[in-house]
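The values are calculated or read from the model by the stated rules, or taken from the named source; none is laboratory data. Values in this document were obtained by computation on a predicted structure and should not be read as measured data. Here the Cβ positions follow ideal geometry from the backbone for every residue, glycine too, while neighbour counts run over all protein chains shown.
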């Protein structure tokens, strides 16, 4: 039972990692070969715990594998140029949308809104942050998907080597909450927009896979959390999984940065008794939340 359970977790970790790589950056021959290897590993690791909910997911993984194989047979320079042009059109501001939660859920359609702050708090709760080298915001789809991969990996680690069920259940519940509160609230619409705008089959198939996977996860995570499916961990049966490339551990000082900080600024001279020449900026995660005029009579 433990082997089957851990295998289901590993498949889900693999798909989140795969999709994150697709949305992270433009593809090269090397990265496509890496994706192909990832797809092959997932497809040869089927789990009966996922079979029903993941039927469409596995079908789209098969389609993605065929598309990648076809791309790798083409002239490498021409293929990379085509995919780079498509990626820029879809995800780098040259199209109509930005692949971040704030862009899809805020009324203004702007990036770096309160939804970015929300995911920052969740990341912080679980001891990680986005690496500085990745310049997109924390609620970019590649980061949110990789955070789910991180939670999957931590669940496996909790069960591996005789770990505790309560710790594993904590990470599974975090996956359920992050899926419902974040990914499922905007990624299906992103996938829909990609399908409308993409000209290349690779990104169309990635969008289909993403939408079907998010839908399947609404079923699979509660199933994995349920008591009858939770295994009794006794021995290590899964190899150590690689850590995420877009996330890094928080250091102690960073764990305090999520608190609201207030900064006071003098606006200039004032007439006696009038006040109002001082303002207070309340900031969180380097964003101004409120600006308040202050009276210092």
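Scanning region 29-39 turns up no residue that is assigned to a helix (DSSP H, G or I) and under 13 Å from the mean Cα position of the chain (by Cα). Here residue 74 clears all of (1) modelled with pLDDT of 95 or more; (2) in contact with a helix residue (DSSP H, G or I) (Cβ under 8 Å, 6 or more places away or on another chain); (3) outside any helix (DSSP H, G or I); (4) surrounded by fewer than 18 Cβ atoms within 10 Å (Cβ to Cβ) except the condition numbered (2).
Condition check ((1) surrounded by fewer than 20 Cβ atoms within 10 Å (Cβ to Cβ); (2) under 18 Å from residue 242 (Cα atoms); (3) in the same structural domain as residue 245 (by TED's automatic domain parsing)) across all residues:
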{"position": "102", "(1), (2), (3)": "no, no, yes"}
{"position": "112", "(1), (2), (3)": "yes, no, yes"}
{"position": "123", "(1), (2), (3)": "no, no, yes"}
{"position": "128", "(1), (2), (3)": "no, yes, yes"}
{"position": "138", "(1), (2), (3)": "no, no, yes"}
{"position": "152", "(1), (2), (3)": "no, yes, yes"}
{"position": "167", "(1), (2), (3)": "yes, no, yes"}
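Taking the criterion of being in a loop (DSSP other than H, G, I, E, B) and free of Cβ contacts under 8 Å to residues at least 60 places away in the same chain, the residues of region 77-115 that qualify are 92, 93, 94, 98, 106, 107, 108, 109, 110, 111, 113.
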